[in-house]
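Worksheet for the structure shown next.
Bear in mind these aren't lab numbers, they're just calculated from the coordinates by the rules spelled out. Small disclaimer: the values here were computed from a predicted structure and weren't measured. Backbone-built Cβ (ideal geometry, glycine too); neighbour counts: all protein chains shown.
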Amino acid sequence: DQQVKQNSPSLSVQEGRISILNCDYTNSMFDYFLWYKKYPAEGPTFLISISSIKDKNEDGRFTVFLNKSAKHLSLHIVPSQPGDSAVYFCAASTPNNAGNMLTFGGGTRLMVKP
Amino acid sequence: NAGVMQNPRHLVRRRGQEARLRCSPMKGHSHVYWYRQLPEEGLKFMVYLQKENIIDESGMPKERFSAEFPKEGPSILRIQQVVRGDSAAYFCASSKTEISNQPQHFGDGTRLSIL
């Protein structure tokens, strides 16, 4: 049972344009959502997060949008740069006084072409 | 380097041997999480530990796998009698608190290969 899904395994974008990565979830108890970026042979690097009480969070070139009714979130990168080429994972956690284990999507490989 | 440190980065074992993976959390972090990533898949939660305590091991296989986070020293993920299916990247993450709005920070992982 995949509670967090990233339906696009890959995305190719031209440098300077917008990259939009999508993520869907099924568990309505998730209250905190994160995006991680991962280069080969490295660990995931935290990018940006959003609480379920918000619908948008922005940090520089990165903006995350949350649509709770649709159980959907997206990451916008604008303008996209070649260095953004990596695998992006969406993750979610539930309020839990026994820790905040993350449930990850399967990842989307972003390729930004110069 | 104040990040999460994992070692070894690569580990090769033959079937039936034991594998020990180590994780030192970020300075000031007392919450450690282990995740496993199979090829072409996302990360899957295995276990959550605080110092000297296992809090949630719901993602751990019932046999051969164990984890600890002693009072002194790194967290250890131990796999006994390894099988080919244990080949994966194992990532450790740490956080300062257990509150859900605190991001976890990951190490670069240990890539375990079983011959």
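Some notes on this structure:
- Per-residue Cβ neighbour rank within 10 angstrom, fewest leading, B:HIS31, A:HIS72: A:HIS72, B:HIS31
- From phi via Karplus (6.51, -1.76, 1.60), per-residue ³J(HN,Hα) for segment B:52-62 in Hz, x at Gly/Pro: 6, 10, 8, 9, 8, 10, 5, x, 8, x, 5
- Ordering A:LYS71, A:LYS56 by the number of other Cβ atoms within 10 Å of each residue's own Cβ, fewest first, gives A:LYS56, A:LYS71.
- Nearest-0.05 FRET efficiency for B:LYS71 and B:GLU40, computed from C-beta distance (R0 41 Å): 0.60
- With the simple model of a label 7 Å out from the Cα in the direction of the Cβ, B:LYS51 to A:THR94 spans 3.0 nm.
- Its Kirkwood hydrodynamic radius, worked out from the mean inverse distance over all distinct Cα pairs, puts chain B at 14.1 Å.
- Inter-probe distance in nm under a simple model that places probes 7 Å from Cα toward Cβ, at A:GLU42 and A:VAL78: 2.6 nm
- Sorting A:LEU11, A:LEU66 from the fewest to the most surrounding beta carbons within 10 angstrom yields A:LEU11, A:LEU66.
- Looking at segment B:67-115, the trypsin sites (Lys or Arg not before Pro) that sit in a DSSP loop and have at most 11 other Cβ atoms within 10 Å of their own Cβ are B:LYS71.
- 37 °C / 0.692 mPa s Stokes-Einstein diffusion coefficient of the protein assembly as shown, Kirkwood radius on C-alpha pairs, µm²/s: 182 µm²/s
- Segment B:1-69 - convex hull of alpha carbons, volume per residue in Å³: 115 Å³
- Check: chain A dipole with +1 on Lys, Arg Cβ and -1 on Asp, Glu Cβ, in debye: 180 debye
- GluC sites (Glu not before Pro) within segment B:1-104: DSSP coil, no more than 14 neighbouring Cβ in 10 Å: B:GLU18, B:GLU40, B:GLU41, B:GLU52, B:GLU63, B:GLU72
- Placing +1 on the Cβ of every Lys and Arg and -1 on the Cβ of every Asp and Glu, with nothing else charged, gives chain B a dipole about its Cα centre of roughly 400 debye.
- Restricting the calculation to Cα atoms, every distinct pair contributes to the Kirkwood radius of segment A:22-88, found to be 12.7 Å.
- Think of the protein assembly as shown as a dipole: +1 on every Lys or Arg Cβ, -1 on every Asp or Glu Cβ, centred on the Cα centre; then among A:LEU75, B:ALA89, B:MET60, B:ALA89 lies furthest on the positive end.
- Dipole in debye (nearest 20) - the protein assembly as shown, about Cα centre, beta carbon charges: Lys, Arg +1; Asp, Glu -1: 520 debye
- When every Cα-Cα distance of chain A is counted in 5 angstrom steps from zero, the calculated P(r) takes the values 2, 12, 24, 25, 20, 10, 5, 1, 0, 0 percent.
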